[in-house]
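Take this structure first; my questions come after.
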Amino acid sequence: MKVSITTRRVLAAFAAATAVVAVSACGSTDDTASDGASGSVQVQTANGPVTINGTPEKIVTIGSQWTETVVALGQQPVAYYDAVKATTGTVAPWLAGKVGDGREIDVKKDIVTQIADLDPDVIFTQGSITDAPTLKKLQDTGVPVIAAVGKQQVDSWQDLLAAAGTALGKTDEAAEVKTSIDDKIASIKKENPKLAGKTYSFAAFQSPTMITLLADNNDGAAALFTELGLSFPQAQLDRAKAEGTPRFQVSPENVQILDSDLLVIAAVSDELKNTLQNLPSYKSLTSVRNGAVAWTSYVDIFGLNTPSALSIPALLDKLNPAFAAVK
């Protein structure tokens, strides 16, 4: 029996009162737990366990990572927000033609109002998109809301895939998708043994005065590179720690901080790219001198910065020439 969002608001009060008992009774240390008798599962998130009753049919995804993850599992959301398209004006090639005819959400407007008539069974949302008041408003509908899975600024594609697989009753499919991607990563690692123990920089040239770097080996965007044996230079890790954030900004004049064995970078325009490439300090970078630079499109850097089970396999081949050039 389907339950409307309005009715769910009434039921939510009861659910909140019984949640503590249910969680305590579970007593599981696994990321997920299931109740075969009732057909419910629990998904562990950064905000605590979320219970899903039955198999969700109407899925809402707020954020490219969740949208792509759900699509990777063979599902199509009834409503979704594509952050890549909203930011770049382009649908990522790995998602194009796969999302179906779901309603596009405008996150600048009230999200609950936009999805209320769709009567969703589950909502997946990224914390970087929905602030605390918006998240609470979504949770107050009584619809199960799965936000951040881990404590990192960005979740890994593996954690999102596992969480979505559990929530949607597609754990077997999730395992198959993961195995396929793991095999591809293992193949590239075998072809490029020199990557082990080397350093890399991950950056986006966003304005004439700002380059954004990631420097957190535990961030979800770093998972792919960590699997390949790569890590961030100590100077970048120290800077991120001093700034108190895994993603920090530097000016082009300080491009030397990008010195590493591999450089993965994008620029918002060809003009900015040319500006950086013409700097003597850029030309002196180890990665540049060795040809181990992967200049990606701005769409592609999104796919790496907010990775999913769709974006990672699509982008691995594009990175391979730079991997091979690492000395």
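Does Ala203 fit the bill of being touching an Asp or Glu at 6+ places or on another chain (Cβ under 7 Å) and either crowded, with 20+ Cβ neighbours inside 10 Å or at pLDDT 95 or above (or both)? Before you say what the answer is, go through the steps one by one.
Values: touching an Asp or Glu at 6+ places or on another chain (Cβ under 7 Å): no; either crowded, with 20+ Cβ neighbours inside 10 Å or at pLDDT 95 or above (or both): yes.
Answer is no for this residue.
Let me ask something else. From the list Val91, Val99, Val70, which one is without any contact (Cβ under 8 Å) to a residue 24 or more places away in the chain, under 30 Å from Thr296 (Cβ atoms) and among the aliphatic types (A, V, I, L, M)?
Working: Val99 fails: without any contact (Cβ under 8 Å) to a residue 24 or more places away in the chain; Val70 fails: without any contact (Cβ under 8 Å) to a residue 24 or more places away in the chain.
From the options Val91, Val99, Val70, the qualifying one is Val91.
State all residues of the range 80-104 that are buried (at least 16 other Cβ atoms within 10 Å of the Cβ) and over 18 Å from the mean Cα position of the chain (by Cα); if no residue qualifies, say none.
Hit for the range 80-104 is Gly102, nothing else.
Could you tell me whether Ser269 is out of contact with any helix residue (DSSP H, G or I) (no Cβ under 6 Å at 6 or more places or on another chain) and either surrounded by fewer than 21 Cβ atoms within 10 Å (Cβ to Cβ) or not basic (Lys, Arg) (or both)?
So Ser269 passes the test.
Which residues, taken from the range 139-169, are modelled with pLDDT of 95 or more, farther than 30 Å from Ala215 by Cα and either in the same structural domain as Thr245 (by TED's automatic domain parsing) or not in a loop (DSSP other than H, G, I, E, B) (or both)?
Thr166, Ala167
A further question follows. Out of Thr87, Thr69, Thr134, report the one residue that is modelled with pLDDT of 95 or more, of a type in the set (Ser, Thr, Tyr), assigned to a helix (DSSP H, G or I) and in contact with a helix residue (DSSP H, G or I) (Cβ under 8 Å, 6 or more places away or on another chain).
Numbers: Thr87 fails: modelled with pLDDT of 95 or more; Thr134 fails: modelled with pLDDT of 95 or more.
Just a single option satisfies the conditions, and that option is Thr69.
The values are calculated or read from the model by the stated rules, or taken from the named source; none is laboratory data. Everything numeric here is computed off the predicted structure, so don't read it as measured data. Neighbour counts are summed over all protein chains in view; Cβ atoms, including those assigned to glycine, are modelled from backbone coordinates with ideal geometry.
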